[in-house]
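What follows is a single structure, written as C-alpha cells, with notes after it.
The values are calculated or read from the model by the stated rules, or taken from the named source; none is laboratory data. What you are looking at is a predicted structure, and each value in this text was computed from that prediction instead of being measured. Here the Cβ positions follow ideal geometry from the backbone for every residue, glycine too, while neighbour counts run over all protein chains shown.
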Amino acid sequence: MDSFPAASVERTVEWVDTDASGHQHNSAILRWVEAAEAELFRKLELPDYFPSAPRVQQVINYKAKLWFGQRVTASVRVQALGRTSLTLEFEVRGHPLETPGGGTPDGGTSDGGNVAAFGTVTTVHVPYGTTTAEPWPDHVVRAVQGFKDARDGI
C-alpha cells in the first residue's frame with residue numbers, strides 16, 4: 001500500500017467550515033480530502049482525471065473534533081486501481097490548537113496530531129459523453145502504476 005502515490009495538503013479550519021456546535025462541519029472533511037486528491041492528480045500530471053471520475057462511494061469515519069482556527073493536514077493515497085475504479089484512502093489530522101491554556105471551545109483538550117477522520121473514496125472512469133464506467137485509459141494506469149513501480153524498484 002505504501003508504494004502507491006500519495007499527496008497531502010494543509011488547511012486552516014475557517015469559520016465557514018464549522019457548524020452550530022463550533023467544530024468542523026461533516027462536509028469540511030471531504031472538501032479537504034478533495035483538495036489533497038487534486039494535489040495528487042496534479043503531481044501525477046493527470047489533469048483529465050476529474051472531469052471523468054465521479055464518486056460512487058464515500059466512507060468517512062469521524063474520530064475527533066476540529067475547531068475554528070486549527071491547522072489540519074489532509075492526506076490521500078491510492079489504495080487500489082481496478083479496471084474501471086480507483087479507491088483512495090484518506091486521513092485528516094488536526095495540529096495542536098493554539099488557544100490560551102491549550103483547551104478547546106467545549107472544555108476538552110486539544111489532541112493535535114491525532115486522526116480526526118479517515119476513510120475511502122471510490123471513483124470510476126466515465127469518459128465525457130458516456131454514462132457508464134469504462135476501463136481507465138492507459139496513461140492513467142501508467143501514471144499510477146509507474147509511480148508504484150518506481151517506488152518498488154521494478
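Within region 10-23, residues that are under 11 Å from Trp67 (Cα atoms) and at pLDDT 95 or above reach partners that are outside any strand (DSSP E or B) and among the charged types (D, E, K, R) with beta carbons closer than 9 Å, at six or more positions or on different chains, in the pairs Asp17/Arg31.
Within region 89-111, can you find the residues that are surrounded by 20 or more Cβ atoms within 10 Å (Cβ to Cβ), modelled with pLDDT under 95 and assigned to a strand (DSSP E or B)? Residue satisfying the conditions is Gly94 alone. If we keep just the residues of region 41-63 that are touching a residue at least 40 places away in the same chain (Cβ under 8 Å) and part of a helix (DSSP H, G or I), which is nearest to Glu134 (Cα to Cα)? Result: Ser52. The set of residues in region 2-35 being assigned to a loop (DSSP other than H, G, I, E, B), touching a Lys or Arg at 6+ places or on another chain (Cβ under 9 Å) and at negative phi consists of Asp2, Ser3, Phe4, Pro5, Val13, Ser21.
Would you call Ala38 assigned to a helix (DSSP H, G or I) and under 12 Å from the mean Cα position of the chain (by Cα)?
Numbers: assigned to a helix (DSSP H, G or I): yes; under 12 Å from the mean Cα position of the chain (by Cα): yes.
Yes; evaluated as a whole, the condition is true for this residue.
Among the residues of region 43-52, are any modelled with pLDDT under 95 and under 19 Å from Asp17 (Cα atoms)? No, there is no match, as no residue in region 43-52 is modelled with pLDDT under 95 and under 19 Å from Asp17 (Cα atoms). Going by the structure shown, is Leu86 surrounded by 18 or more Cβ atoms within 10 Å (Cβ to Cβ), closer than 19 Å to Thr120 by Cα and touching a Ser or Thr at 6+ places or on another chain (Cβ under 6 Å)? Considered against the rule, which asks whether it is surrounded by 18 or more Cβ atoms within 10 Å (Cβ to Cβ), closer than 19 Å to Thr120 by Cα and touching a Ser or Thr at 6+ places or on another chain (Cβ under 6 Å), Leu86 comes out as yes.
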